[in-house]
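Single-structure report; data block below.
The values are calculated or read from the model by the stated rules, or taken from the named source; none is laboratory data. Since this is a predicted model, take the numbers as computed values, not measurements. Positions of Cβ are generated from backbone atoms using ideal geometry, with glycine treated the same way; all protein chains shown enter the neighbour counts.
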Amino acid sequence: MSLLNSVQGRIQSQVRKALLGPTDLPLTSDVPLHLPQSETSVWLHGMGEPRDVTFLHSVACISPFLICIGLESSDSGEKLVGKRFSLKFCRNTPERELLAEIGLEFADRIAATGRIPALFRAVSCRNFCIPALRLRAHDLFNVYGNWKSRKSTGQNVSALEMRCNSAVFICPRPVVLVSVADQDCGNIFPMNLCGTLGGDYLGFALNSARSAAPLISRIRRLALSSIPYCRIAVARAMRRNHHEASIRWGDLPFPTRRSKALAIPVPEFSLRVCELNVEDSWPLGSHTFFLARIAGEEILSSDSAFFMINGQYAALRQKIPGSMPQPLPVL
């Protein structure tokens with residue numbers, strides 16, 4: 001049986017190499033960037049003039065794929081219902097070369113003082129960092145990989161949802177360590193699905209099947225700590241805590257201190273600390289989406305932070321031959 005598995009593995013490897021070629025890259029790559037990132041911009045189309053929503057959006061759920069966008073209080077429902085929109089990911093240059101585009105339709109609005117965070121459902125996705133035929137091949141391998149892993153994960157993510165999840169990381173996503181604690185228990189774990197929504201609002205999404213989401217739903221107070229790039233290994237080691245109901249702070253491999261506003265334990269190496277009070281949460285599918293208000297912020301260092309980016313966009317940055325068509329479309 002082991003020999004058969006070995007032969008099958010070699011065959012699959014050769015087929016993958018033939019179909020994906022130079023685009024057979026990791027789904028995401030780690031990069032050091034300064035906060036806030038300035039490499040790419042995100043534009044909402046479909047509500048008059050294009051709107052820069054680079055720092056006004058957050059992934060809300062992977063399956064179904066939903067994005068929350070912070071809109072103005074003057075945006076009425078008539079501008080949203082029954083219409084199609086698009087979220088365009090561009091190089092942050094005067095030409096705004098188009099890197100990816102997600103087609104959206106309005107799903108729901110969220111009540112918030114002075115703002116109207118709105119949920120949009122993905123209906124299409126195009127990634128211009130990779131040739132169309134290669135993209136289709138990636139879809140096939142992603143669907144196959146999801147099919148093999150769904151028994152253990154309990155999730156059945158579609159090709160469109162996987163493509164959207166990959167495309168949103170063309171906008172570099174900071175990886176933060178989330179600290180949550182009360183008198184009885186606490187936890188710290190990494191997260192990359194978060195974003196500001198305008199005013200003092202911030203949204204973030206956590207896997208609904210793991211222990212972290214119900215813990216935050218109960219305590220409703222947390223702190224997000226930006227991670228120095230040199231501390232990637234420490235952040236990755238905390239991933240196991242997503243499955244823990246509580247941890248012992250004294251067992252952590254780094255020292256902590258109390259945050260200023262909410263007195264939550266945060267790593268001493270934090271570049272920035274953002275303290276939050278959760279206003280509401282919604283189980284949307286694979287992920288639970290949280291809407292929170294900022295209670296306090298500390299900027300402690302200007303060192304490069306830990307970001308994750310789309311693997312195909314990483315190839316474009318490194319100018320790997322064959323990784324993308326030329327020229328890029330211009331917005």
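Here segment 39-64 is the region considered, the condition is being buried (at least 20 other Cβ atoms within 10 Å of the Cβ) and touching a helix residue (DSSP H, G or I) at 6+ places or on another chain (Cβ under 7 Å), and the residue that is farthest from Ser208 (Cα to Cα) is Thr40.
Scanning segment 46-102 for residues that are of a type in the set (Gly, Ala, Ser), closer than 25 Å to Gly311 by Cα and part of a loop (DSSP other than H, G, I, E, B) turns up just one, Ser63. Taking the stated definitions as given, is Asp108 over 30 Å from Gln318 (Cβ atoms), acidic (Asp, Glu), outside any strand (DSSP E or B) and free of Cβ contacts under 8 Å to residues at least 60 places away in the same chain? So Asp108 does not fit the description; no.
When Arg91, Arg109 are checked against the criterion of being charged (D, E, K, R), under 22 Å from the mean Cα position of the chain (by Cα) and surrounded by fewer than 17 Cβ atoms within 10 Å (Cβ to Cβ), Arg109 stands alone in meeting it. Look at segment 188-215: where a residue is without any contact (Cβ under 8 Å) to a residue 40 or more places away in the chain and over 18 Å from Asn165 (Cα atoms) and a partner is of a type in the set (Phe, Trp, Tyr) and surrounded by 18 or more Cβ atoms within 10 Å (Cβ to Cβ), sitting 6+ places away or on another chain with Cβ atoms under 7 Å, you get Ala212/Phe189.
Going by the conditions given, is Pro255 surrounded by fewer than 15 Cβ atoms within 10 Å (Cβ to Cβ) and touching an Asp or Glu at 6+ places or on another chain (Cβ under 7 Å)?
Details: surrounded by fewer than 15 Cβ atoms within 10 Å (Cβ to Cβ): yes; touching an Asp or Glu at 6+ places or on another chain (Cβ under 7 Å): yes.
Considered against the rule, which asks whether it is surrounded by fewer than 15 Cβ atoms within 10 Å (Cβ to Cβ) and touching an Asp or Glu at 6+ places or on another chain (Cβ under 7 Å), Pro255 comes out as yes.
Being over 23 Å from the mean Cα position of the chain (by Cα), assigned to a loop (DSSP other than H, G, I, E, B), acidic (Asp, Glu) and at pLDDT 95 or above is a condition met by at least one residue of segment 265-273.
If I ask for residues that are assigned to a strand (DSSP E or B) and farther than 18 Å from Cys164 by Cα, which ones from segment 22-45 would you list? Scanning segment 22-45 gives Asp30, Val31, Pro32, Leu33.
Restricting the first member to segment 273-291 and to residues that are on the phi > 0 side of the Ramachandran plot, and the second to residues that are surrounded by fewer than 21 Cβ atoms within 10 Å (Cβ to Cβ) and hydroxyl-bearing (Ser, Thr, Tyr), the beta-carbon pairs closer than 7 Å and six or more apart or on different chains are Gly285/Ser63.
Would you check if Leu206 is crowded, with 17+ Cβ neighbours inside 10 Å, closer than 20 Å to Glu297 by Cβ and not β-branched (Val, Ile, Thr)? Before the answer, list the steps.
Numbers: crowded, with 17+ Cβ neighbours inside 10 Å: yes; closer than 20 Å to Glu297 by Cβ: no; not β-branched (Val, Ile, Thr): yes.
Spelling it out, it is not the case that Leu206 is crowded, with 17+ Cβ neighbours inside 10 Å, closer than 20 Å to Glu297 by Cβ and not β-branched (Val, Ile, Thr).
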